[in-house]
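Heads up, the thing below is written out as structure tokens.
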Amino acid sequence: MALKGNLEDFGITQLLNLINLARKTGTLYLEGPEGAAFLCFREGKLIYASRDGVEDSLPVILQRAGVFNSDHVRMIQENMPGKPDQDIAKVLITSGRLKQQVVLRHLNAHVLDLVYQVFSWSRGQFRFEPSELPVRGRITTAIALENVIMEGNRRLKEWERLRDELPDLDISLKFAERPSAPLRDIKLSVEEWRVISFINPQNTIRQVAQYNNMDELQIRKIVYGLLQAGLVEMVRPQRPTMTAPATSKTGESKPAEAVPSSPMQRPAVKRGIIQRLIRRIREL
């Protein structure tokens, strides 16, 4: 018999604790304003996860992790069309092109990333279907829930703090004229450089996150760090201007039309701060 309820009454942490303590096997379905997801468990261990109906294939997961490039993925898809992940992994590992430890490590990271995203979900519906495991052809893992729950709660507290510090993602950033911290003391990650490359008053923080495929926790963490370092400042986004109303030959006014919004804008390299940042990127 399925267990059903509201996330307002029974949160993610409580659900995972129940599954862990009872050593349950089955699938937990979640649906709410943030989207939909399902998490699979075998004897109380997390083995698989998917969100918003997207089940990334093994080659795509490994490409995102930097193990493969687009050419590798295309070659695998052409040589093994329609093959399940288990068969693809077996061929790659047997041929020596991939190590089993690499596959498991990146699959674990992929599953955990999806699970940590749902920890902040506090509204919606849940349904646990015992003994149901929609993982045929997929490579599963076995992750102890105790550590997942601890890390998920830690990230949830961090998420709540960052949401209070940076509540509005529909605001833009610009480079500070005079950074409060010397550039030589600043060490930025690859993700932070990606965000910096699109800092422009015409781009909102939300747009930068979407373009770089980052969730709200990731972008808030990066922007908060850049703000604390004094590298950037928040500004209101530059909105498209309205054209003046046109007048027809009969003297009637036509409705004003908005100028089409421009695509993501990279910063113009004019100020010294941007020039020095780009030099730092080239030196990496």
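The values are calculated or read from the model by the stated rules, or taken from the named source; none is laboratory data. Values in this document were obtained by computation on a predicted structure and should not be read as measured data. Glycine gets a Cβ as well: all are built from the backbone with ideal geometry, and neighbour counts include every protein chain shown.
Test Thr141 against the criterion of being within 24 Å of the chain's Cα centre (by Cα) and either polar (S, T, N, Q) or in the same structural domain as Phe10 (by TED's automatic domain parsing) (or both), and give yes or no.
Details: within 24 Å of the chain's Cα centre (by Cα): yes; either polar (S, T, N, Q) or in the same structural domain as Phe10 (by TED's automatic domain parsing) (or both): yes.
Yes: the conditions hold for Thr141.
Which of the residues belonging to the range 61-106 are under 21 Å from the mean Cα position of the chain (by Cα) and not in a helix (DSSP H, G or I)?
Correct list: Ala65, Gly66, Val67, Phe68, Asn69.
Within the range 30-54, track down each residue that is out of contact with any helix residue (DSSP H, G or I) (no Cβ under 7 Å at 6 or more places or on another chain), assigned to a loop (DSSP other than H, G, I, E, B) and modelled with pLDDT of 95 or more.
Glu43, the sole residue that qualifies.
Would you confirm whether any residue within the range 112-126 is surrounded by fewer than 15 Cβ atoms within 10 Å (Cβ to Cβ) and either assigned to a helix (DSSP H, G or I) or without any contact (Cβ under 8 Å) to a residue 40 or more places away in the chain (or both)?
Yes; the residues of the range 112-126 include at least one that is surrounded by fewer than 15 Cβ atoms within 10 Å (Cβ to Cβ) and either assigned to a helix (DSSP H, G or I) or without any contact (Cβ under 8 Å) to a residue 40 or more places away in the chain (or both).
Mind listing whichever residues of the range 1-29 are assigned to a loop (DSSP other than H, G, I, E, B) and within 21 Å of Thr141 (Cβ to Cβ)? Don't jump to the end; show me each part of the working.
Looking only at the range 1-29, we keep the residues that are assigned to a loop (DSSP other than H, G, I, E, B), and these are 1-2, 7-11, 22-25.
Ala22, Arg23, Lys24, Thr25 - these are the residues of the range 1-29 that are assigned to a loop (DSSP other than H, G, I, E, B) and within 21 Å of Thr141 (Cβ to Cβ).
Scan the range 57-69 and give yes if some residue there is in contact with a Lys or Arg (Cβ under 8 Å, 6 or more places away or on another chain), surrounded by 15 or more Cβ atoms within 10 Å (Cβ to Cβ) and either small (Gly, Ala, Ser) or free of Cβ contacts under 8 Å to residues at least 12 places away in the same chain (or both), otherwise no. So that I can check it myself, show each step before the final result.
First pass over the range 57-69, keeping only residues in contact with a Lys or Arg (Cβ under 8 Å, 6 or more places away or on another chain): none.
Within the range 57-69 (the criterion being in contact with a Lys or Arg (Cβ under 8 Å, 6 or more places away or on another chain), surrounded by 15 or more Cβ atoms within 10 Å (Cβ to Cβ) and either small (Gly, Ala, Ser) or free of Cβ contacts under 8 Å to residues at least 12 places away in the same chain (or both)), the answer is no, since none of the residues qualifies.
Within the bounds of the range 71-88, is there any residue that is of a type in the set (S, T, N, Q) and under 29 Å from Asn20 (Cα atoms)? Before you say what the answer is, go through the steps one by one.
Initial filter on the range 71-88 (of a type in the set (S, T, N, Q)): 77, 79, 86.
Now drop any that are not under 29 Å from Asn20 (Cα atoms), which leaves 86.
Yes, that holds for at least one residue.
If we keep just the residues of the range 195-209 that are in contact (Cβ under 8 Å) with a residue 60 or more places away in the chain and assigned to a loop (DSSP other than H, G, I, E, B), which is farthest from Ile219 (Cα to Cα)?
The initial filter retains those residues of the range 195-209 that are in contact (Cβ under 8 Å) with a residue 60 or more places away in the chain, namely 196-200, 202-203.
If we keep only those that are assigned to a loop (DSSP other than H, G, I, E, B) as well, we get 197-200, 202-203.
On the way: Ser197: 14, Phe198: 12, Ile199: 12, Asn200: 15, Gln202: 17, Asn203: 13 Å.
For the range 195-209, the residue satisfying everything is Gln202.
Restricting to the range 127-139, give me the number of residues that are farther than 23 Å from Gly32 by Cα and surrounded by fewer than 18 Cβ atoms within 10 Å (Cβ to Cβ).
3
Might you check whether a residue that is over 30 Å from Leu231 (Cβ atoms) and acidic (Asp, Glu) occurs anywhere in the range 129-144? Don't jump to the end; show me each part of the working.
Initially, the range 129-144 is screened for residues over 30 Å from Leu231 (Cβ atoms), giving 129-144.
Subset that is acidic (Asp, Glu): 129, 132.
Yes, the range 129-144 contains at least one residue that is over 30 Å from Leu231 (Cβ atoms) and acidic (Asp, Glu).
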